[in-house]
Amino acid sequence: MNWRRQGLAVTPPRTAWGETHAQLPFVAAGRPGRVYFSTRDGQGRSRVAWVDIDPTRPRSPPAAAAERPLLELGALGAFDDSGVTGSCVVEHAGRLHLYYTGWSLGVTVPFTLAIGLATSEDAGRTWSRVSEGPIVGRDTADPYLAASPWVRVEGGRWRMWYVSGVGWRMEDGRPRHCYYIRYGESEDGIAWRRPGRVCIDFAPGEYAIARPCVLEEGGLYRMWYCSRGPRYRIGYAESPDGLAWQRRDEAGGLEPSLEGWDSGMTAYPCVFDHGGTRYMLYNGNDYGHDGAGLAVLSEDGPGRRA
């Protein structure tokens, strides 16, 4: 796979609640024109927002966000009172399900993360949390953190690939997070069984693997994600069942550019199809400080470095 970069497609809203970042961009299945993303205020707190774009016109001016956030901070003391970052939207039985990561500040470590859920009965115009607490949080299965779920409904089975923390370690006098991608299942999308199965493990020199995006095509599962050693880069893996994965980063990933807004990192991919073309939304330097970029799959375009 070769990805042809199209530049920034979404920029931060530049409002009091969204001064910087269009981070963790994604689209809902069957709705490629609406991009959900997370933006930050002056205190670094994230909220979920959205914007409509035309993927077929990637070189048009980047789009700015809607006038207000889709999902606000949680209540004081809740698991998401210091930030909410969107992860995926699933449509099922006439209802939209927004899975997101809730942020709360720590004392011995900088933050703790857990997975929340909000739903919409009116095609995404309004959203409400299913609970003030997380649907997936720290427990015996994931004792450190859980975040960034990608959810699919296959028949009556809800499947989730998500980020699981394996610990913190001190480096240069500061705690560093360590997490990779695990798997869970559910009958209703709310109560999840997490057997501890590791889908994407660390390669030498890595300490963080984040943001899975999973597609299924003719019995082959494809996952895009980002992995971090010295800096984030987008990787790729394949699986016959969504459980046992083989990393093939060189076949479908995306390295940082030689210069520009994505020269320091490529991260947080979301891959989707529209009009017979495959696209990737992703972030660049400083976790999407300047916005979200778009790349197009091309058989002859520059994909590894451009």
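Readers should treat all values here as calculations from the given coordinates under stated rules, not as data from a laboratory. As the structure is a prediction and not an experimental result, all values here were calculated from the model. Here Cβ is always computed from backbone atoms with ideal geometry, including for glycine, and neighbour counts include all displayed protein chains.
Label separation (LEU220 vs ARG68): 4.6 nm, computed from points 7 Å beyond Cα along the C-beta direction.
Remark: the Cα gyration tensor places the chain in the rounded category, a/c being less than 1.5. With a Förster radius of 45 Å applied to the beta-carbon distance between SER298 and THR15, the computed FRET efficiency rounds to 0.80.
In terms of Cα atoms, the Rg and Dmax of segment 131-231 work out to 14.5, 49 Å.
With each label modelled as a point 7 angstrom along the Cα→C-beta vector, the GLU238-VAL107 pair spans 5.0 nm. Rounded to the nearest 0.05, what FRET efficiency is calculated for GLN43 and SER263 with R0 set to 25 Å and r the Cβ-Cβ distance? Step by step, r from the Cβ atoms, then E = 0.35.
Label 7 Å along Cα→Cβ of GLU154; segment 209-237 residues with amide nitrogen under 15 Å? In segment 209-237, the label zone of GLU154 (backbone N under 15 Å from the point 7 Å along Cα→Cβ) covers 213-224.
Taken along the Cα-to-beta-carbon direction at a fixed 7 Å, the label points for ALA251 and ARG125 span 4.5 nm. Computed 3J(HN,Hα) for segment 181-198, one whole-Hz value per residue from the Karplus formula 6.51 cos²θ - 1.76 cosθ + 1.60 where θ = phi - 60°, is 10, 10, 10, x, 9, 7, 8, 10, x, 10, 8, 10, 9, 10, x, x, 6, 8, glycine and proline marked x. Highest GNM mean-square fluctuation among GLU259, GLU154, GLU67, for the chain modelled with Cα contacts below 10 Å: GLU154.
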